[in-house]
Structure formats: C-alpha cells, structure tokens
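Worksheet: the structure to be examined is printed underneath.
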Amino acid sequence: MQDNSVLSLIGNTPLVRVSHLDTGPCELYLKLESHNPGGSIKDRIALTMIEAAERDGKLKPGGAIIEATAGNTGLGLALVAAQKGYPLTLVVPDKMSREKILHLQALGAQVVLTRSDVGKGHPEYYQDMAARIASETPGAYYIDQFNNPANPLAHETTTGPEIFRQMNGEVDAVVVGVGSSGTLTGLTRFFRAQSPATAFVLADPVGSVMADYVETGSFGQAGSWLIEGIGEDFIPPLTDLSMVKRAFRISDQESFDTAQQLLSAEGILAGSSSGALLAAALRYCREQTEPKRVVTLVCDSGNKYLSKMYNRDWLVDQGMLRLPEVGGLTDLIVRRHQDGSTVSCHPDEPLNVAYQRMRLHDVSQMPVLDDDKVVGVLDEWDLLLSVHGEPENFRQTVATAMSGHVRTLSPQASLQDLLQVFNDGHIALIVDKGRYLGLITQADLLSFWRRQPRAA
C-alpha cells in the first residue's frame, strides 16, 4: 500500500493493552497517538483546522498561519503547514522542551518565545501575544485552537470512532486531560451518541483549575506545573465536562514517575501528559470493584522530553530526584564523579575532542583528570589562547592548553569559601584526600537553594 502524502498517515493509530502494570480488576488500553507522523495526537487537529480554514476561505494561497501553543499543536501545525506551503509563526511559552522548539524550527516554523509565568490579559501571555501578531500580519489566519470548532471535530470524527471500533464497542471509561479541551469535547460528542454509558475521567496537573471546576463548579487562582500539554488556568470555551464522572489531580512527580514505569514495564516511551493520563487511569482502575474496559491516550512520544523528564540532571535540578546526602559541599554536586556523570577530559586528549565535549554538554569549563586526580582546568579562554585562529592548533593536547593553577575545595569547606571561589571567576572543584568528587557551578548552588523547603 502506498500513501501519496505524509498527511495521509495521520490517525488510525494502534491500541495496545497494558500487561505489566497493576490495573486492578480492569483492562486498560493505550491509544498510541505517538505513532502519528508528527509524533502526537495534535496532528489530527492541525490537519482538520487548516483544511477547515481552507474550505471556509479564511486561509488562502499566500496566506500565513499564526498560533499560540504550549504543547504539540505547534508541531502538528508545522508539519501540515510545511506540506501545504504556508509560513507559520508560533508563540510558545518558555517551559516548552528544547527538543520541541528545535523540531519546530527544523520544520521551518518561526518560534516566538514568551513567558510561562503570566496569565490571560497580560501582554506577554502566549494566546494574547499570538492574537496580536495575527492582527498585525497582513493575510494571516489565527488558528486559535481554544475557540476553533474544527478542534473537537477532529476527535469526534476520527479518534472517537477509531477507539470504539478497536474496542469492539465496549468502552466503560475514557481517561483524558484538558489543554484546549478539543480531545475531551470531541470524544464526549462521539460517545454521547454511540455509548452514553461510557464514563469520562479527567487527569489534571496539580496547579491546574480543571479538577476544581469538575468537583465544585468554581475555581481559584491557578498554580504552576511542569507537565506539558494539559492543565489550564481558565476553562477553555469549547470544554464539555458533561460526561466527566471523576477527576484526579496528578503531580509532576507522579506524572514523570509513571511515564518512567510505562517505559520500563511496557516499553513505551511517552511524554509528560501521557504520564499524567496513565497515572489517573491506573488510580481509576485500581479503585474499581468490578472489571471495566478503560482507554487512555499516549499523547506523544517521550523523545521530545529527553532533555527534561528523562534527564537525570534536570530531575535533580527540579527536586524530583534526590541524590544521596552525605553532608557538606558534596550535597551540592549534581554530576558526581563516582556515578560516572562527570564531564571532564584527559591531558592527552586533542583540544578538538575536548571542545566538542564542552559544546555537547553546554559547559564552558572542564576539569582535567588523570587517574581520578585533578591535574588542571580547561576553559574556553584557554582554548582561545591556544588555538588563536589557527585550526591546526586543535590537534594539540589538552595538557598544552590547560591551566595548571587549580582551585580545589574539600567537602568540609564553608559556603563562604565556595562563594569566594565563584567571586574569583572559578568553578569549585571538590576534592577529598586527592580524590576528585565533582564540581559545583554557580547554577548548581542556585538550584540547590531553590530546592530547599520554604520556611513556614
């Protein structure tokens, strides 16, 4: 079978049963939306919204597309826009993963980063900024997924029928999250007509207002969360909660931990929203007293989050992974040498190799180790002085360029000692009885302070 375009591969994603996690008396199935060509469920709405705009004459040849996106909608739009030849500008909150941003740019989208800590009405709120850019751009069409009726239509006409067919019409519950609310509303419309007894279960990040609204009909001020793609600080206009029977608040920690369990137990690499949906689905299944057939979604692939929720250092920085505490300055070391996570170089390595390692790990200084002993430090200034505009000098060894004047601290040194090292423009190399333990940067200290419990 041949397909004429990658866009024809959107939808008809596989459904698999969870077989190695505790689902109580229930059967739990995962709809693998990560198998869409753009890697997420949002491919569906991107195609539907753009084609609806074309049919309605709102998007014409030579026109441009503008959208605000905090998740995968941008990737879906970038895929479809590139195939159809439309320039695309996306306004993105600054909490979006680096992989997603690089993917968007690789597809040719213009990415405008804005603040993720401001709410509706603020000039830098991503939706308000996108609407403003669209109004100032001649021939632009603002997709506005939060108010676009083609958003839920995509799920009413494709996702819902696929699930119903794959489950042979036997679906007791569907677990979803709310971002723009297109998935929830579209599936609700389909199942209300085909299977009105099907219950909907909401997975909502801690800090979002959706669970409060489901339970009480009102909500207060939203908090913050790291889960991407679901959770809101307002009730999206398209939202239909009429079939939602239960809501679960899922913390960032539970979401990331559950995604890790999904990978290790089922071999499925999923993103942060998928971790939240699975966590809620597992909770729902385990509290049932009789068998039920439950479906939830793997909204996107975890390969978009390798620098975040699957990155050990990032988890430590966010306080979601605690390293063993031994006291003293050692507790501030994120990349501990004994764990094999140190970024370092050897005095006999070529400068070119050392430089590439610095770029790969985004560091400007590296300790030079020989048999686990610090013999020097190599930084970008050392490289500049050694290479001095002559590319062949990259073949020189680290030993010829490194600084032999090394400032080290013992694990028992004081915070004042550490701050003095920083004040002198150095990184802090922690050495205990000649054995290198790791280094501490200013960013490491700031992250350590941020992770500390707040005073009551």
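The values are calculated or read from the model by the stated rules, or taken from the named source; none is laboratory data. None of the values given here were measured: they were computed from a predicted structure. Don't worry about glycine lacking a Cβ; one is built from the backbone with ideal geometry, like all the others, and counts go over all protein chains shown. What goes into the accessible areas is simple: the full protein's heavy atoms, side chains included, and nothing from ligands, DNA or RNA. Shrake-Rupley method; radii C 1.70, N 1.55, O 1.52, S 1.80 Å.
So how many residues does the range 191-205 have that are open to solvent by 40 Å² or more (accessible area, probe 1.4 Å) and not in a loop (DSSP other than H, G, I, E, B)? Before the answer, list the steps.
Start the filter on the range 191-205 by keeping residues that are open to solvent by 40 Å² or more (accessible area, probe 1.4 Å), which leaves 192-194, 196-197.
Now drop any that are not not in a loop (DSSP other than H, G, I, E, B), which leaves 192-194.
Here the count works out to 3.
Of everything in the range 222-252 that is of a type in the set (D, E, K, R) and farther than 26 Å from residue 198 by Cα, the residue that is least open to solvent (accessible area, probe 1.4 Å) is 228. Among the residues of the range 73-88, just one is surrounded by fewer than 18 Cβ atoms within 10 Å (Cβ to Cβ) and in contact with a strand residue (DSSP E or B) (Cβ under 7 Å, 6 or more places away or on another chain), namely 87. Within the range 309-348, being over 19 Å from residue 441 (Cβ atoms) and open to solvent by less than 40 Å² (accessible area, probe 1.4 Å) holds for 309, 320, 327, 347.
With the structure loaded, tell me whether residue 426 is open to solvent by less than 70 Å² (accessible area, probe 1.4 Å), modelled with pLDDT under 90 and of a type outside the set (A, V, I, L, M, F, W, C) or whether it fails that test. Yes: the conditions hold for residue 426. Test residue 208 against the stated conditions and say whether it is on the phi > 0 side of the Ramachandran plot and buried (at least 24 other Cβ atoms within 10 Å of the Cβ). So residue 208 fails the test. Only one entry in 70, 64, 53 is open to solvent by less than 10 Å² (accessible area, probe 1.4 Å) and either of a type outside the set (D, E, K, R) or at pLDDT below 95 (or both), namely 53. Within the range 376-414, the set of residues being over 14 Å from residue 355 (Cα atoms), surrounded by 16 or more Cβ atoms within 10 Å (Cβ to Cβ) and aliphatic (A, V, I, L, M) comprises 409, 413. Here residue 358 meets each of (1) modelled with pLDDT of 85 or more; (2) assigned to a loop (DSSP other than H, G, I, E, B) with one exception, condition (2). Taking the range 158-169 as the region of interest, how many residues are in contact (Cβ under 8 Å) with a residue 40 or more places away in the chain and either open to solvent by 30 Å² or more (accessible area, probe 1.4 Å) or under 13 Å from residue 240 (Cβ atoms) (or both)? Total satisfying the criteria: 2. Annotation: of all residues in the range 245-291 being out of contact with any helix residue (DSSP H, G or I) (no Cβ under 7 Å at 6 or more places or on another chain) and of a type in the set (D, E, K, R), the one that is modelled with the lowest pLDDT is 245. Is there a residue in the range 189-196 that is touching a Leu at 6+ places or on another chain (Cβ under 9 Å) and either β-branched (Val, Ile, Thr) or at pLDDT 95 or above (or both)? Yes, the range 189-196 contains a residue that is touching a Leu at 6+ places or on another chain (Cβ under 9 Å) and either β-branched (Val, Ile, Thr) or at pLDDT 95 or above (or both). Picking from residues in the range 239-252 that are touching a strand residue (DSSP E or B) at 6+ places or on another chain (Cβ under 9 Å) and among the polar types (S, T, N, Q), the one that is nearest to residue 187 (Cα to Cα) is 242.
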